[in-house]
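Report on the following structure.
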Amino acid sequence: MITKSLNVNLIKLCYAPDSTTRRKWFQYLNETFSAERFEAILAPFAKEIEVEILSKSKKNFAPLGSSVSLLIGEKTVHLARQLYHLDKSHMGVHTYYSFDDKSKAASFRIDFEVATCGETNPLVLVNPLLKIIPAEVVFLDFKLRGFADEPRKASNEASNEAGNGVGGSLEKSFPSFPSFSSARGFFAEEILLGYEWVETKMHQQKIYFGKLRKKEIPASLKSKVNEIFASF
């Protein structure tokens with residue numbers, strides 16, 4: 001059974017030289033991205049990756065912030081496997097607010113995560129997520145854990161290729177997982193047109209890290225955006 005885990009950090013910024021601007025922007029975001037709104041966003045996401053919602057919890061924090069967590073499972077869950085899904089399958093979103101007095105940049109961070117043993121790759125969610133939240137900076141972590149349901153079929157030569165990142169495919173090591181060599185392939189071209197994309201791939205460890213930075217950034221935010229982008 002292969003667990004596919006996806007974490008996406010979306011960071012929106014606003015130049016807020018005074019407390020009034022900062023307060024109004026934070027209040028707007030807090031109302032726009034409430035726990036109730038995120039609950040409505042995650043429901044179709046669950047359908048997109050072909051899982052069902054088993055239970056959910058949500059919370060709006062004072063004065064700012066929200067959190068939603070969903071316990072999810074495959075639609076064909078068998079009773080004997082349900083405990084496994086309680087441990088391994090979930091979807092959640094959490095928000096954080098901060099302000100940098102030096103750059104006068106107010107930031108709003110949304111952390112989205114999903115882990116599933118289902119057949120559908122959760123990377124399919126990056127496009128609808130970025131359409132809803134067109135952030136200035138985005139960090140993405142995707143990894144595979146577990147073991148294949150059937151014996152490995154990869155030859156030593158193929159395994160070495162995968163480890164070296166030369167022509168290797170995940171399908172060779174994990175027969176039950178669709179082959180791909182880059183998370184970039186899951187992004188729609190119209191979305192990537194507006195971003196710079198950098199990716200780090202560790203094929204042997206089954207870890208893929210990507211980061212995106214908007215190409216068009218207001219001059220007042222460029223320094224802070226570049227600082228955040230370079231932090232990982």
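The values are calculated or read from the model by the stated rules, or taken from the named source; none is laboratory data. Since this is a predicted model, take the numbers as computed values, not measurements. For neighbour counting, all protein chains shown are included, and Cβ atoms are generated from backbone atoms with ideal geometry for every residue, glycine included.
Of note:
- For residue 122, the criteria (1) out of contact with any Gly (no Cβ under 9 Å at 6 or more places or on another chain); (2) at pLDDT 95 or above; (3) surrounded by 18 or more Cβ atoms within 10 Å (Cβ to Cβ) hold in every case but one, which is (2).
- Within the stretch 8-48, being crowded, with 17+ Cβ neighbours inside 10 Å, under 21 Å from residue 217 (Cα atoms) and not polar (S, T, N, Q) holds for 8, 10, 11, 12, 13, 14, 16, 22, 25, 26, 29.
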